[in-house]
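Novice: Below you will find the structure I want to go over with you.
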2 protein chains.
Amino acid sequence: MAVYTDVSADDLTEFLSRYDIGKLRSYKGIAEGVENSNFLVHTDGGNFILTLYEKRVAEQDLPFFLGLMEHLAARGITCPQPVKNKMGGMLGRIAGRPAAMVTFLDGLWIRKPNAGHCAAVGEALARLHLAARDFPIRRPNALSVDSWRPLYEHAGARGDSVRPGLCNEIVQELDVLEKFWPRDLPDGVIHADLFPDNVFFLGDRLSGLIDFYFACTDTLAYDVAICLNCWCFEPDHSYNVTKGRALLKAYMKVRALSEQERAALPMLCRGAAMRFLLTRLVDWLAVPEGALVKPKDPLEYFRKLRFHQSVASASDYGFES
Amino acid sequence: MAVYTDVSADDLTEFLSRYDIGKLRSYKGIAEGVENSNFLVHTDGGNFILTLYEKRVAEQDLPFFLGLMEHLAARGITCPQPVKNKMGGMLGRIAGRPAAMVTFLDGLWIRKPNAGHCAAVGEALARLHLAARDFPIRRPNALSVDSWRPLYEHAGARGDSVRPGLCNEIVQELDVLEKFWPRDLPDGVIHADLFPDNVFFLGDRLSGLIDFYFACTDTLAYDVAICLNCWCFEPDHSYNVTKGRALLKAYMKVRALSEQERAALPMLCRGAAMRFLLTRLVDWLAVPEGALVKPKDPLEYFRKLRFHQSVASASDYGFES
């Protein structure tokens with residue numbers, strides 16, 4: 001959570017003069033988003049989120065992200081909708097950064113999801129996959145299987161300082177993942193980061209999906225595997241098969257999973273756990289001693305990986321026979 | 001800027017059930033407030049700020065702060081107004097912290113104030129002083145002259161690591177301030193922290209005052225001295241007498257300053273500069289090496305102190321003869 005770049009009222013007023021959303025009434029930096037600076041902006045035209053893209057987001061990817069949100073919103077997916085400026089463009093600049101305005105979505109994210117929430121996420125994920133079928137831009141997943149070994153080598157041998165023996169276990173798992181990774185399953189646009197804090201609810205109704213800045217073109221069933229990892233485990237890291245069943249069933253009501261996709265699920269889940277284990281490990285090791293902000297625990301995903309390694313078959317995730 | 005305590009949607013929903021402001025629709029942690037955790041809360045009833053009071057705010061002071069905001073708002077001062085719960089109380093608890101909801105104020109804070117903004121602040125400050133005349137609770141200023149030497153001793157000899165010779169200059173100045181501090185001028189409620197980021201404007205019109213968590217009972221003219229320090233210097237630390245004149249003239253249109261108050265102004269300005277020099281110095285020295293958040297530069301107020309020491313008489317601040 002962060003605001004990396006300060007924005008002055010004068011700069012923002014000038015920026016907004018290029019849009020048709022009325023005068024600036026207030027703005028606040030918000031404590032959300034690990035990669036970018038975000039402001040909640042109130043104008044005569046309503047509430048908006050202004051995002052300043054910081055270094056970690058590649059500027060050439062912005063047309064993919066913004067175009068995708070526009071594409072999905074036009075097809076009935078409730079997600080932030082980029083606001084077009086008077087020239088019809090979605091991308092501007094402020095305080096030396098590329099920046100875009102999107103509509104503000106009401107909703108709350110669920111700290112303790114139940115099976116009903118998991119079902120709602122499964123359905124929304126499948127709808128997203130279908131709605132994006134005709135999205136014309138492709139963006140390879142920079143955080144898929146081929147990137148994991150370099151990522152591990154970046155963290156290097158220091159992994160053992162987090163947990164003795166961790167390095168060895170990661171290397172062995174990377175050997176398996178690289179050898180058996182399913183490469184010919186149906187692909188398309190995936191969200192790739194649909195964690196609970198990126199899904200809003202109003203009451204029990206899913207009211208919106210946010211944060212498309214990891215979205216990319218990859219195996220659709222891998223997105224399902226990511227959601228099983230981040231929605232269907234309990235705080236003690238045990239897998240809740242009731243939640244898994246709810247998520248999978250709701251997904252398949254909208255988009256069927258083929259025999260091949262189902263069979264690949266354990267390996268896809270191992271990969272998803274590895275991806276979050278590695279990025280968290282790198283963040284964990286990058287934080288200086290004594291820093292105030294504590295990064296997320298990488299070992300949460302090590303424990304989830306252990307579960308996936310122990311799975312006998314895809315049915316353990318809760319597929320109904 | 002910070003959110004020290006996370007609040008779950010469940011906890012917040014339960015908290016809001018004690019108020020008559022409708023259902024929760026969204027909330028975001030906002031990157032404002034050095035002492036507390038702040039959330040922008042959107043309900044059916046509108047926008048509110050929820051503040052969780054962290055350790056640095058004494059719980060017994062909260063009736064003063066909340067009561068003052070209510071008192072001022074009832075007398076036409078635009079400031080956040082505490083929302084009463086169904087029991088008529090203004091103070092609640094959430095996530096183990098004392099907490100209060102206040103109304104949301106539209107407005108922007110001015111990064112580069114001009115003389116017009118300074119005049120608006122002078123007028124608003126005088127109106128605040130008058131509106132609080134009959135406020136019944138007293139709260140001594142914990143950051144006035146008697147606290148400065150202990151504060152300096154807390155930072156200790158490490159001050160010289162910020163600037164060689166700084167310690168000696170501070171000690172000499174403390175000797176002067178303790179000896180000549182004006183102790184029998186008119187007192188009342190002062191804001192005590194009316195920096196530009198605590199004053200909102202919409203266009204050229206002052207639209208609200210916020211952050212009353214340093215407010216206390218102290219010398220009224222000391223509040224004027226604080227404002228001269230934080231509104232009337234240029235980025236190069238030179239005093240802008242045009243801005244000072246605008247602020248003082250607008251203040252005195254609403255509340256006259258006596259001969260004694262005017263004569264004391266140079267000493268009050270030295271004290272105000274010392275107060276911010278010392279608290280910034282303590283914060284500066286408390287930050288661990290390599291931390292991401294850089295505290296405010298204490299030497300800004302050392303340079304302002306130098307100006308005040310050089311002043312021949314109060315007229316140098318811009319009083320019109």
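Novice: Residues in the stretch A:293-302: is at least one closer than 19 Å to A:Leu194 by Cβ, of a type in the set (D, E, K, R) and within 20 Å of the chain's Cα centre (by Cα)?
Specialist: The answer is yes; a qualifying residue exists.
Novice: Tell me yes or no: at least one residue of the stretch A:289-311 is under 25 Å from A:Glu178 (Cα atoms), part of a loop (DSSP other than H, G, I, E, B) and in contact (Cβ under 8 Å) with a residue 60 or more places away in the chain.
Specialist: Yes, the stretch A:289-311 has at least one match.
Novice: If you go through the stretch A:49-64, how many residues are surrounded by fewer than 15 Cβ atoms within 10 Å (Cβ to Cβ) and touching a residue at least 60 places away in the same chain (Cβ under 8 Å)?
Specialist: The total comes to 1.
Novice: Mind checking which residues of the stretch B:123-142 are among the aliphatic types (A, V, I, L, M) and outside any loop (DSSP other than H, G, I, E, B)?
Specialist: Result: B:Ala124, B:Leu125, B:Ala126, B:Leu128, B:Leu130, B:Ala131.
Quick grid of which residues meet (1) surrounded by 14 or more Cβ atoms within 10 Å (Cβ to Cβ); (2) under 21 Å from A:Ala119 (Cα atoms); (3) within 14 Å of chain B (Cβ to nearest Cβ); (4) over 22 Å from the mean Cα position of the chain (by Cα):
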| position | (1), (2), (3), (4) |
| --- | --- |
| A:Cys230 | yes, yes, no, no |
| A:Pro235 | no, yes, yes, no |
| A:Lys243 | yes, yes, no, no |
| A:Leu247 | yes, yes, no, no |
| A:Lys253 | no, yes, no, yes |
| A:Met267 | yes, no, no, no |
| A:Gly271 | yes, no, no, no |
| A:Ser313 | no, no, no, yes |
| A:Tyr317 | yes, yes, no, no |
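Novice: Does A:Arg127 satisfy the condition of being closer than 27 Å to A:Ala250 by Cα, at pLDDT 95 or above, surrounded by fewer than 17 Cβ atoms within 10 Å (Cβ to Cβ) and not assigned by TED's automatic domain parsing to the domain that holds A:Gly29?
Specialist: no
Novice: Looking at the stretch B:49-64, can you tell me whether even one residue there is within 12 Å of chain A (Cβ to nearest Cβ) and touching a strand residue (DSSP E or B) at 6+ places or on another chain (Cβ under 7 Å)?
Specialist: Yes: the stretch B:49-64 contains one or more residues that are within 12 Å of chain A (Cβ to nearest Cβ) and touching a strand residue (DSSP E or B) at 6+ places or on another chain (Cβ under 7 Å).
Novice: Give just the number: which of (1) farther than 21 Å from B:Pro298 by Cα; (2) not in a loop (DSSP other than H, G, I, E, B) does B:Ser161 not satisfy?
Specialist: The failed condition is (1).
Novice: Criterion first (surrounded by 14 or more Cβ atoms within 10 Å (Cβ to Cβ), within 14 Å of chain A (Cβ to nearest Cβ) and over 24 Å from B:Gln172 (Cα atoms)) does B:Val287 satisfy it?
Specialist: yes
Novice: Here is a further query. Is it the case that A:Phe214 is out of contact with any Asp or Glu (no Cβ under 6 Å at 6 or more places or on another chain) and of a type in the set (A, V, I, L, M, F, W, C)?
Specialist: No; evaluated as a whole, the condition is false for this residue.
Novice: Let me ask something else. Give the residue that is modelled with the highest pLDDT, with candidates limited to residues of the stretch A:21-48 that are buried (at least 19 other Cβ atoms within 10 Å of the Cβ) and among the small types (Gly, Ala, Ser).
Specialist: A:Ser26
Novice: When you scan the stretch B:145-195, how many residues do you find that are of a type in the set (Gly, Ala, Ser) and over 21 Å from the mean Cα position of the chain (by Cα)?
Specialist: Residues that pass the stated criteria total 6.
Novice: State whether one or more residues within the stretch A:183-192 are surrounded by 20 or more Cβ atoms within 10 Å (Cβ to Cβ) and within 14 Å of another protein chain (Cβ to nearest Cβ).
Specialist: No - not one qualifying residue is present in the stretch A:183-192.
Novice: Only one residue in B:Ala286, B:Ala273 is in the same structural domain as B:Ala119 (by TED's automatic domain parsing) and under 18 Å from B:Ala225 (Cβ atoms), so which one is that?
Specialist: On inspection, the qualifying residue turns out to be B:Ala273.
Novice: If you take the residues in the stretch B:161-177 that are surrounded by 13 or more Cβ atoms within 10 Å (Cβ to Cβ) and of a type in the set (Asp, Glu), which one is farthest from B:Thr217 (Cα to Cα)?
Specialist: Per the criteria, the residue is B:Glu169.
Novice: Which of the strands (runs of 3 or more DSSP E) found entirely inside the stretch A:178-236 contain at least 3 residues meeting this: outside the structural domain of A:Phe276 (by TED's automatic domain parsing)?
Specialist: none
Novice: Please specify each residue of the stretch B:65-93 satisfying the condition of being within 14 Å of another protein chain (Cβ to nearest Cβ) and either under 23 Å from B:Asp6 (Cα atoms) or charged (D, E, K, R) (or both).
Specialist: Matches in the stretch B:65-93: B:Pro80 only.
Novice: Determine, yes or no, whether B:Arg280 is among the basic types (Lys, Arg), in contact (Cβ under 8 Å) with a residue 24 or more places away in the chain and closer than 21 Å to B:Leu177 by Cβ.
Specialist: no
Novice: Return yes or no: is B:Leu281 out of contact with any Ser or Thr (no Cβ under 8 Å at 6 or more places or on another chain), of a type outside the set (Asp, Glu), modelled with pLDDT of 90 or more and under 20 Å from B:Asp223 (Cα atoms)?
Specialist: no
Novice: Sort through A:Glu14, A:Glu59 and tell me the only one that's of a type outside the set (S, T, N, Q) and either outside the structural domain of A:Pro82 (by TED's automatic domain parsing) or within 19 Å of the chain's Cα centre (by Cα) (or both).
Specialist: The conditions single out A:Glu59.
Novice: Which of the following residues is within 13 Å of chain A (Cβ to nearest Cβ) and closer than 16 Å to A:Ala31 by Cβ: B:Gly29, B:Gly22?
Specialist: Within the list B:Gly29, B:Gly22, the selection yields B:Gly29.
Novice: Look through the stretch B:113-168, keep the residues that are basic (Lys, Arg) and free of Cβ contacts under 8 Å to residues at least 60 places away in the same chain, and return whichever of them is farthest from B:Gly244 (Cα to Cα).
Specialist: For the stretch B:113-168, the residue satisfying everything is B:Arg149.
Novice: Another one. Looking for whichever is out of contact with any Cys (no Cβ under 9 Å at 6 or more places or on another chain), touching a residue at least 40 places away in the same chain (Cβ under 8 Å) and at positive phi here; the options are B:Gly67, B:Gly46, B:Gly88, B:Gly92. Which one fits?
Specialist: Sole residue among the options that is out of contact with any Cys (no Cβ under 9 Å at 6 or more places or on another chain), touching a residue at least 40 places away in the same chain (Cβ under 8 Å) and at positive phi: B:Gly46.
Novice: Same structure, new question: With respect to B:Asp204, is the statement that it is out of contact with any Pro (no Cβ under 8 Å at 6 or more places or on another chain) and within 14 Å of another protein chain (Cβ to nearest Cβ) true?
Specialist: yes
Novice: Something else: Name the residues in the stretch B:33-43 that are within 14 Å of chain A (Cβ to nearest Cβ), closer than 22 Å to B:Cys216 by Cβ and in contact (Cβ under 8 Å) with a residue 60 or more places away in the chain, would you?
Specialist: Result: B:Gly33, B:Asn36.
Novice: Listed residues A:Thr242, A:Thr217; which is hydroxyl-bearing (Ser, Thr, Tyr) and touching a strand residue (DSSP E or B) at 6+ places or on another chain (Cβ under 9 Å)?
Specialist: So the residue among A:Thr242, A:Thr217 that is hydroxyl-bearing (Ser, Thr, Tyr) and touching a strand residue (DSSP E or B) at 6+ places or on another chain (Cβ under 9 Å) is A:Thr217.
The values are calculated or read from the model by the stated rules, or taken from the named source; none is laboratory data. Since this is a predicted model, take the numbers as computed values, not measurements. Using ideal geometry, Cβ is built from the backbone for each residue, glycine included, and neighbour counts are taken over all protein chains shown.
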